[in-house]
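Here's the structure, in structure tokens; my notes come after.
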Amino acid sequence: MAYDELKQTIIDYAHSIGIDKIGFGSIDPFTQMKARLKAQQDQNYQSGFEKGTIEERTEPAMHLAGAESIIAVALSYPSRMRERPENKKGARRGTVCRASWGVDYHVVLNDKLQQLHAFLAEKVPGFRSKIMVDTGELPDRAVAERAGIGFSGKNCAIITPEFGSYVYLGEMITNIPLEPDDMLEDACGDCTKCIDACPTGALVGPGQLNAKNCIAYLTQTKDFLPDQFREKLGNQLYGFDTCQLVCPYNKGVDFHLHEAFEPKPELAKPELLPLLTISNREFKETFGEMSGAWRGKKPLQRNAILALGHYREVASLETLEELMTKDPRPVIRGTAAYAIGKIGHVDSYLMIERAKVKETDPEVIEEMDKGLRFEKVYREKGKIKIDQIKPD
Ligand code: SF4
């Protein structure tokens, strides 16, 4: 079969197995990106989650002997929930970003690319490929941009004409020469909405991200959250969507083409309090399928504690006190102490003082002191809470 005919066969097959968009790119090195990544590294803007050396990240041919082309694919995901979670009085909820609403896309996309591999292996003798979905060395966005899936927005997302930036990306390096597609033209123009809306200034310029300041990244860290980001986190448990939500190309975009990506309301907006005491087994059973669970329960619990502090939720004080005094993880004890102080109940400060006497970890003690400092601020403003800790 001629390669241009094969290309059309691949496109048809990909659509038949539910791949929403497919494009083809060369295996040339990503020269411009190499320079960008180097600059990012020099400026200490990388998250630390990146895989491989700069060479491995920018030279596709390093990953497959005899590499000839890259097939890039995209699956759309919903931006709106069809069902909302039930509103219960006093039950505060957190927020999980849209990309983590359904079944882990790594699994779904990898499965589709495996199907595509099997299809090609039948058609092309000696066919070989290397599949990557997010966790591979090649940056999926750079590949998608080259293969004409979408253009690279100033918010660093790939923006497709059909599905906006609500797409999961993956790719397959192949040993067959397939004609590359044209790249799409950059269509941000004068717009700077995403840069202006970024609450932490993480978008330091068009298409330039300081990952260390990005809330999506910060929600995935396991340490104490740096002070300057705590309020900005709000009720965010995992990921962050603001730079996508403000983008005009996402206005009204809401595709529900894959059952696997349909949000489960109780997981997309989980109740905060039950999350604080969930066992490892329950966590795995409840949240194990979502991509946001990849770092385990600790970052989500830390963020949930901060969210309860943000809401100044008095009904959470008992549980937070338990965590502050008994949890074996210093990050959880310390963050709980901070949140207790932030809630600013009349009993908060006695709780922290009592726990501080027994605490030995210097970082936790530092967090307790931060919690205690809220008392002066609230007293001066007349904002100390006196509600019952346990409502009738
Ligand atoms: Fe581009 Fe504007 Fe969208 Fe940012 S918000 S990615 S600048 S179109």
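The values are calculated or read from the model by the stated rules, or taken from the named source; none is laboratory data. Since we're looking at a predicted model, the values are computed, not measured. Note that each Cβ is placed from the backbone with ideal geometry, even for glycine, and that neighbours are counted across all protein chains shown. The protein model used for the area step is the full one, side chains on, heavy atoms only, and it has no ligands, DNA or RNA in it. Shrake-Rupley method; radii C 1.70, N 1.55, O 1.52, S 1.80 Å.
Scanning segment 140-157 for residues that are of a type in the set (Gly, Ala, Ser), within 13 Å of the ligand (Cβ to nearest atom) and either closer than 11 Å to residue 188 by Cα or touching a strand residue (DSSP E or B) at 6+ places or on another chain (Cβ under 8 Å) (or both) yields 150, 152, 153.
Scanning segment 217-254 for residues that are open to solvent by 70 Å² or more (accessible area, probe 1.4 Å), in a loop (DSSP other than H, G, I, E, B) and away from the ligand (no atom under 16 Å from the Cβ) yields 222, 223. Determine if segment 111-127 includes at least one residue that is in a helix (DSSP H, G or I), within 16 Å of the ligand (Cβ to nearest atom) and surrounded by 16 or more Cβ atoms within 10 Å (Cβ to Cβ). No; the residues of segment 111-127 include none that is in a helix (DSSP H, G or I), within 16 Å of the ligand (Cβ to nearest atom) and surrounded by 16 or more Cβ atoms within 10 Å (Cβ to Cβ). For segment 260-271, the condition holds for no residue, the condition being that it is closer than 30 Å to residue 193 by Cβ and within 16 Å of the ligand (Cβ to nearest atom). Taken over segment 351-365, the criterion of being in a loop (DSSP other than H, G, I, E, B) and farther than 9 Å from residue 333 by Cβ is satisfied by 360 alone. Checking the stated criteria, residue 187 turns out to be part of a loop (DSSP other than H, G, I, E, B), closer than 25 Å to residue 257 by Cβ, among the small types (Gly, Ala, Ser) and modelled with pLDDT of 95 or more. Residues of segment 10-17 include none that is closer than 25 Å to residue 151 by Cβ, surrounded by 20 or more Cβ atoms within 10 Å (Cβ to Cβ) and either out of contact with any strand residue (DSSP E or B) (no Cβ under 9 Å at 6 or more places or on another chain) or of a type in the set (Asp, Glu) (or both).
Looking for something modelled with pLDDT of 95 or more, loosely packed, with under 14 Cβ neighbours inside 10 Å and more than 25 Å from residue 221 (Cα to Cα) - is there at least one such residue anywhere in segment 258-272? Yes, that holds for at least one residue.
Collect the residues in segment 279-292 that are open to solvent by 20 Å² or more (accessible area, probe 1.4 Å) and touching a residue at least 12 places away in the same chain (Cβ under 8 Å), keeping them in residue-number order. Within segment 279-292, 280, 286, 289 qualify.
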